[in-house]
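The values are calculated or read from the model by the stated rules, or taken from the named source; none is laboratory data. Only a predicted model underlies this, so the values are computations on that prediction, with no experimental measurement involved. Note: ideal-geometry Cβ built from the backbone for every residue, glycine included; neighbour counts use all protein chains shown. Calculation scope for accessible area: heavy atoms of the full protein, side chains included, ligands and nucleic acids excluded. Shrake-Rupley method; radii C 1.70, N 1.55, O 1.52, S 1.80 Å.
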Amino acid sequence: MIELDGAFLDEIVQQAREELPNEACGLIAAKEERAARVYPMRNADESPMTYRLDPKEQLGVFNDIDEQGFELWAIYHSHTHSQAYPSETDRRQAFYPEARYLILSLENRDDPVLRGFRIVDGEVSEEEVVLR
């Protein structure tokens, strides 16, 4: 089960809507396995079909996560025109097996859907997302 503060979901949805037509992306850091901060990041691909965290920005965020005593908890991105399920590209580029992968679908712009997954060696397992 993935527990996420509703305010964090609101932040992710807002970012995803603002970055249309491109996919949005970012990281979520945690303290003691509880999500503590959202780090919205630039999609270096600037694409409606793929995302890639900007490498320099990612290094800065990882440094901040370490300095704050946080750990990487989740990697999120949006799907602009498809369901919230990992694509083949998502599975191939899941480089952090310890992290959760959150996908926000904007297929229905008025009713975004967030789903959570673990992706290990390309194998996908879904985890229920619960808002608190």
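Quick look at the values:
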read-out: Estimated 222 nm signal from helices in the chain, with DSSP H stretches of n ≥ 4 weighted -39500 (n - 2.57), rounded to 500; value: -7500 deg cm²/dmol
read-out: Å² per residue, accessible surface of the chain at 1.4 Å; value: 54 Å²
read-out: Bins of 10 Å, starting at 0 and running to the largest distance - Cα pair percent for the stretch 6-55; value: 27, 49, 22, 3
read-out: Extension reserve of the residue 33-residue 18 stretch, reckoned as 0.36 nm per residue once the Cα distance is removed; value: 2.5 nm
read-out: Overall Cα dimensions of the stretch 46-116, principal axis frame, Å, largest first; value: 38, 21, 20
read-out: Debye intensity ratio I(q)/I(0), log10, the chain, q values 0.12 Å⁻¹ (C-alpha model); value: -0.40
read-out: Cβ-derived FRET efficiency at R0 30 Å, residue 108 paired with residue 10, nearest 0.05; value: 0.95
read-out: ³J(HN,Hα), Karplus 6.51/-1.76/1.60, whole Hz, each residue of the stretch 69-83, x for Gly, Pro; value: x, 8, 10, 5, 10, 8, 10, 10, 7, 10, 10, 7, 9, 9, 5
read-out: Within the stretch 41-116: Cβ-based charge dipole about Cα centre, in debye rounded to nearest 20 (Lys, Arg +1; Asp, Glu -1); value: 240 debye
read-out: Distant-in-sequence amide H partners of residue 129 (H built 1.01 Å from N, under 5 Å); value: 2, 116
read-out: Column: log10 I(q)/I(0), Debye, Cα scatterers of the stretch 82-132, q = 0.17, 0.19, 0.26 Å⁻¹; value: -0.51, -0.62, -0.99
read-out: Charge dipole magnitude, Cβ of K and R +1, D and E -1 - the chain, Cα centre, debye nearest 20; value: 100 debye
read-out: Residue 130 paired with residue 81, simple spin-label distance in nm, labels 7 Å along Cα-to-beta-carbon; value: 3.7 nm
read-out: Largest-first ordering by accessible area, 1.4 Å probe, given options 89, 80; value: 89, 80
read-out: Listed peptides 91-104, 111-124, 16-29 by packing density, highest first (mean Cβ within 10 Å); value: 16-29, 91-104, 111-124
read-out: The chain - percent of accessible surface contributed by carbon and sulfur, probe 1.4 Å; value: 47 percent
